[in-house]
Amino acid sequence: QVHLVESGGGWVQPGGSLRLACTSSGRPLNNHAMGWFRQAPGKERELVAAIGWILDITYYSDSAEGRFSISRDNGRHELFLQMNKLTPEDSAVYFCAAKAGDVRYTASDYEYWGQGTQVTVSS
């Protein structure tokens with residue numbers, strides 16, 4: 001069993017930054033890709049960024065490219081998402097997720113999920 005817990009969400013003004021963290025426990029996530037998804041009210045859950053077990057494999061959505069940075073510490077079982085230049089359109093619940101094998105791009109590909117952390121960007 002894998003347990004994922006997100007932290008670091010909150011309220012920030014437009015242009016601000018937040019750093020999300022996800023801590024995993026239970027079975028080690030060796031050879032698992034991990035990703036950050038987000039879901040705004042009335043919208044589908046979308047992949048924001050993902051990273052493979054091999055750390056140089058990363059993916060960013062068009063909206064995240066150049067503003068967000070995903071990283072992971074395999075030894076400490078942690079996943080991070082540094083979010084800069086936030087806009088109100090980034091407001092959503094952000095979820096940490098993991099899957100065996102390579103990075104994939106849809107929510108249905110991911111086996112393990114955290115409960116999410118709310119990010120609100122407003123003035």
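At-a-glance table
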{"item": "Complete set of residues in the stretch 58-70 that are modelled with pLDDT of 95 or more and open to solvent by 20 Å² or more (accessible area, probe 1.4 Å)", "result": "TYR59, TYR60, ASP62, SER63, GLU65, GLY66, ARG67, SER69"}
{"item": "Positions within the stretch 107-123 being over 13 Å from ALA21 (Cα atoms) and open to solvent by 20 Å² or more (accessible area, probe 1.4 Å), in sequence order", "result": "ALA107, SER108, ASP109, GLU111, TYR112, TRP113, THR120, SER122, SER123"}
{"item": "The stretch 1-28: number of residues that are assigned to a strand (DSSP E or B), of a type outside the set (Phe, Trp, Tyr) and on the phi < 0 side of the Ramachandran plot", "result": "15"}
{"item": "Those residues of the stretch 78-106 which are open to solvent by 10 Å² or more (accessible area, probe 1.4 Å), within 14 Å of ALA40 (Cβ to Cβ) and in contact with a Phe, Trp or Tyr (Cβ under 8 Å, 6 or more places away or on another chain), in sequence order", "result": "PHE95"}
{"item": "Qualifying residue in the stretch 87-100 (condition: part of a loop (DSSP other than H, G, I, E, B) and in contact (Cβ under 8 Å) with a residue 60 or more places away in the chain)", "result": "yes"}
{"item": "Flag if LEU86 is at pLDDT 95 or above and either over 15 Å from ALA21 (Cα atoms) or not aliphatic (A, V, I, L, M) (or both)", "result": "yes"}
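The values are calculated or read from the model by the stated rules, or taken from the named source; none is laboratory data. None of these values were measured; they are calculated from a predicted model. Cβ coordinates were reconstructed from backbone atoms using ideal geometry, including for glycine residues, and neighbour counts include every protein chain displayed. Ligands, DNA and RNA are stripped out before the accessible areas are found, and what is left, the full protein with its side chains, is counted by its heavy atoms. Shrake-Rupley method; radii C 1.70, N 1.55, O 1.52, S 1.80 Å.
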